[in-house]
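In what follows, a structure is listed as structure tokens, so that the remarks can point back to it.
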Amino acid sequence: MERLGCVGQLTAGAIGLLLLLRLIQRARRRKQVVQDKVVVITGASSGLGKECARVFHAAGARLILCGRDQKRLQEVVEELRAILPSMVERGSGHIVVISSVQGKISIPYRSAYSASKHATQAFFDCLRAEVERFGLHVSVISPGYIRTNLSRNAVTGDGSRYGVMDKTTAEGLDPVDVAISVLKAVTYREKDVLLVGLIPALAIYLRTLWPAAFFKVMASRAKKEKKIKEQ
Ligand SMILES: NC(=O)c1ccc[n+]([C@@H]2O[C@H](COP(=O)([O-])OP(=O)(O)OC[C@H]3O[C@@H](n4cnc5c(N)ncnc54)[C@H](OP(=O)(O)O)[C@@H]3O)[C@@H](O)[C@H]2O)c1
């Protein structure tokens, strides 16, 4: 009995030590990959962009933060145009794109958003393949709902501000956790990161393996939403 207790303590100690070593290794790797690197973050004034700025700053990166100010945006467009050739020339660089689960599956009444995210996914999947031979990396991050001002800032069909905090957004992921996942994607050079719960993950498989069933589920969701809106 005593021997068993001793073996248990030793195993727990060994597991603890392994976990500690893993944590130290991760922190070191993060430092190596991000420390003193120039990181450009667009949409850094709020939500996920703002949290990414905090997390990458804490990891030792040098930040260039961009908002929507027209003059500044033009400068950023010009800077970004120059970035890819300079990355190719240097043979190093990492582009991180924030897509959405709606870049993988489309849900009713989100046609413009979903179409833009599908296009984003496709564009950067192409770019990833094209630039890999130059030593460049592309990560596409596809989160579910995140607790930010996204729905408040969204515009409606006539261009006016939607201005409402949707329940789904309010109950979404913590932007800090998503920002940490972005840092992890850079550290481990993850190509395609899905940050969703079980149901959206299953929906993505359903869309691929049994599209007819997926379309039925979405059509019934559309009907339900329409009814709710009309009430
Ligand atoms: N929140 C979610 O549920 C969720 C889920 C999945 C994916 N995402 C994605 O996460 C990313 C960040 O969104 P967020 O949730 O952090 O929303 P947010 O809080 O509304 O932040 C959006 C950011 O984008 C900038 N921005 C907005 N319109 C722009 C434009 N036309 N041109 C340039 N910059 C613009 C805003 O800056 P200024 O207004 O200062 O210019 C702001 O910094 C987006 O790509 C979104 O699609 C969000």
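Points to keep in mind about this one:
- Which of Val140, Leu183, Gly103, positive extreme of dipole for segment 28-196 (C-beta unit charges): Leu183
- Annotation: peptides 6-16, 101-111, ranked by per-residue average of other Cβ atoms within 10 Å with the highest first, follow the order 101-111, 6-16.
- Cβ-defined net charge surrounding Gly93, 15 Å radius [Lys, Arg +1; Asp, Glu -1]: +3
- In this structure, the amide hydrogen of Leu173, modeled 1.01 Å from its nitrogen in the peptide plane, lies closer than 5 angstrom to those of Tyr145, Ile146, Arg147, counting only residues at least 5 positions away or on a different chain.
- Tensor-based shape of segment 130-231 (alpha-carbon gyration tensor, a/c under 1.5 rounded, otherwise prolate or oblate): oblate
- The overall shape of the chain is oblate: from the C-alpha gyration tensor, with semi-axes ordered a ≥ b ≥ c, the ratio a/c is 1.5 or greater and a/b is no larger than b/c.
- Put simply, the amide H of Arg62, placed in the peptide plane, has neighbours under 5 Å in Asp36, Lys37, Val38, Val39, leaving out anything fewer than 5 places away on its chain.
- Cross-link check: pairs Lys104/Lys227; Lys31/Lys191; Lys167/Lys216; Lys31/Lys184; Lys37/Lys184 evaluated at a Cα-Cα cut-off of 18 Å; pairs beyond the cut-off: Lys104/Lys227; Lys31/Lys191; Lys167/Lys216.
- Along segment 122-129 the Karplus relation, 6.51 cos²θ - 1.76 cosθ + 1.60 evaluated at θ = phi - 60°, assigns HN-Hα couplings of 5, 4, 7, 5, 5, 4, 4, 5 Hz to successive residues, with x for each Gly and Pro.
- Candidates Thr148, Thr168, Thr42, ranked by Gaussian network fluctuation over the chain, Cα under 10 Å, top entry: Thr168
No lab work stands behind these numbers, since they all come straight from the coordinates. In this text the structure is predicted, and so the values were computed from the model without any measurement. Positions of Cβ are generated from backbone atoms using ideal geometry, with glycine treated the same way; all protein chains shown enter the neighbour counts.
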